[in-house]
1. Considering every residue within the stretch 42-65, establish whether at least one is touching a Gly at 6+ places or on another chain (Cβ under 6 Å) and not in a loop (DSSP other than H, G, I, E, B).
2. Is it the case, given these coordinates, that residue 181 is more than 17 Å from the chain's Cα centre (by Cα) and under 27 Å from residue 217 (Cα atoms)?
3. Looking only at the stretch 71-83, decide whether some residue is closer than 21 Å to residue 41 by Cα, part of a helix (DSSP H, G or I) and touching a residue at least 24 places away in the same chain (Cβ under 8 Å).
4. Could you figure out which of (1) within 11 Å of ligand 1 (Cβ to nearest atom); (2) over 13 Å from the mean Cα position of the chain (by Cα) isn't true of residue 153?
5. Among the residues in the stretch 141-148, are any within 16 Å of ligand 2 (Cβ to nearest atom) and among the aromatic types (Phe, Trp, Tyr)?
6. In the stretch 39-53, which residue that is free of Cβ contacts under 8 Å to residues at least 40 places away in the same chain and more than 18 Å from the chain's Cα centre (by Cα) is farthest from residue 73 (Cα to Cα)?
7. Considering each residue of the stretch 111-131, count those that are within 25 Å of residue 181 (Cβ to Cβ), part of a loop (DSSP other than H, G, I, E, B) and either out of contact with any Leu (no Cβ under 7 Å at 6 or more places or on another chain) or near ligand 2 (Cβ under 10 Å from one of its atoms) (or both), and give that number.
8. For the stretch 110-128, give me the residue count where each residue is in contact (Cβ under 8 Å) with a residue 60 or more places away in the chain and either in contact with a Pro (Cβ under 7 Å, 6 or more places away or on another chain) or within 10 Å of ligand 1 (Cβ to nearest atom) (or both).
Amino acid sequence: MRLTNTQIARFRDDGFLILPSLFSLGEVALLKAELPRLFAERRPENFREKGSDAVRTAMALHLRSEVYARLVRHPRLVEPARQLLGDDLYIQQVKVNAKAAFSGDVWQWHYDFATHHGEDGVPEPLALNLHVLLDEVNEFNGPIVFIRGSHRRGVAPATLDTETTSYPLWVVDDETVACLVAEGGLVAAKGPPGTVLIFGDTLVHGSSINMTPWPRTIFSLILNPVANALTRHKRPEHQHHRDLSPVAPLGDGCLLVPATG
Ligand code: SIN
Ligand code: MN
């Protein structure tokens, strides 16, 4: 799948794209069917919410599930990323952020490069975050909110927050957020299951708690150019993979192939 010139221009201007229903409900059902088994596992790749047993984020899923191993090579994710960044991209991080019904916690205002640079020594803010909504995401269940155009500010001041949630994150201060919102405004990334979001490493985003009875489960793949790889191995491998092999896209029907073994 290729992005149109209009979509590429919008990505450059706004810092993100929202592509409704790129994956079918059948494909999403296959992805969701893996999650109860993966979330039940007690292992460091599964971060649980502060003060509850609900999974906040489950990482390295392509090494834990054959279905996710195919999703990270899916042409509807990999080809747009290659169009924007060039062909030699490695799989930096793979996760599902599960903002559970009634208990999913906030993701503070941040941009991903602050963590990629601050923790892993990634030189340039080139990585792309490719998301697939696995539930309907609406205005109530904690959509990711983008500050439109905030990527153009580049590297904003950021500090490491280890207190607010169970997941340490480099966050942006309120004053900077207020300026960026005044300039660009906010967009909630809503859509039916199967919708794809693409955004860059300096786009400021966050999401509020999920106080609804509706789960808000989102898959996330981060791809980074091999030439821009991490320079520090401070965080565990599941937070930034060390295998720099360029990812090669599979066929468009790859998720629908029956599992082997
Ligand atoms: C979220 O799941 O709401 C935040 C995701 C992200 O920071 O990419
Ligand atoms: Mn993020």
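1. No, that holds for no residue.
2. Taking the combined requirement at face value, the residue satisfies it.
3. Checking the stretch 71-83: at least one residue is closer than 21 Å to residue 41 by Cα, part of a helix (DSSP H, G or I) and touching a residue at least 24 places away in the same chain (Cβ under 8 Å).
4. All conditions are met except number (1).
5. Yes, the stretch 141-148 contains a residue that is within 16 Å of ligand 2 (Cβ to nearest atom) and among the aromatic types (Phe, Trp, Tyr).
6. By that ranking, first place goes to 51.
7. 2
8. 5
Where a number appears in this text, it was derived from the coordinates with a stated rule and is not lab data. This one's a predicted model, so the numbers in the text were calculated from it and none came from an experiment. So basically every Cβ, Gly included, is an ideal-geometry build from the backbone, and we count neighbours across all protein chains shown.
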